[in-house]
1. Would you mind computing, in nm to one decimal, how far apart the modelled labels at Leu41 and Leu217 are, each placed 7 Å from Cα along Cα→Cβ?
2. With a point put 7 Å past each Cα toward its Cβ, work out how far Val272 is from Ala259 in nm, to one decimal.
Amino acid sequence: MSTHARSPVAGWSWLKQAIHLGRRNPRAVFGAVGLLALVALVPSLLQVMAQSALGLGATGSLVAMAATTLVMAVVYPLLIGGVLRVIDAAEHDRPTHATALFDTFRAGGDGGRLVGFGAAMFAAYLVVFVAVVGLLGQDFSAWYMELLAAGTQNDAAAQARVLQDVPEGLGTMMALGTLAALFFGGVYAIGFGQVALRGRGVGSALVDGVAGTLKNLLPIGVLAVAAFVGFVAFALVAGLLILLLATIGGVVHPALAIALAAPAYFGALLVVYVVMFGVMYFMWRDVCGEEGDAPPLPPDRVEL
């Protein structure tokens, strides 16, 4: 299946469509994304609980972080595939529900391919990260370990000192990392769509993801700028609303401040998640879609 080059304004179109995502079946789409967000929080919560209970130092925190990262490397691709399928069903007015998110965990749900694609992308991220750090950030690892140690000790003064001693080349490394993140973001969106919704194999999905991204660097750049501006504006409005609710509640009682502000915070976070997955879906559909936007292949006809 070929990929298509789109005009630069397609990036803006993907974002606009993502903002309107869920209008056909908001309960299924928002429910599925909300469940994904809750599941994705579990490893981080376990990491925080372990650090608090066991008093982990910098090395222990890194080990806990690595363990939770490995768990999510398996779980998260399954969740992404499930969300994309819920979104696709909603967009085509097919019956679906929020808990259909977990269908990818069942036998015959293409879980192996989804995890395989996620593992391939994770390995690619790691290789690029190590390469960039090795070339431009020789002192980054030591600096990061110092920052992590200061953070685990809750030492604000030590954190400030470490942040003032930024290693040389960090700015260049972050710039290259941003460009790499944009490229990988395109490959991630297109490739996951191919695996979850077209039944493509891992290798074919990677090829499609790379080809589709290279053909659409300009619209992806436009998307990145528009998304950044939109996110800043949304975060400002949401932040002011949350602050207002917390202030009003705080006049009565701190518990009321939390009760008013927390739903607004999580609601704003849910909107960001929905738009993010919507951008993934509409980018994939626009770059890889055929005339008539054919439905995914049945399980007995997908690639191995």
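1. Spacing of the two 7 Å Cα→Cβ label points: 4.0 nm.
2. 2.6 nm
No lab work stands behind these numbers, since they all come straight from the coordinates. Given the structure is predicted, the values throughout are model-derived calculations rather than measurements. Note that we place each Cβ from the backbone using ideal geometry, even for glycine, and neighbour counts take in every protein chain shown.
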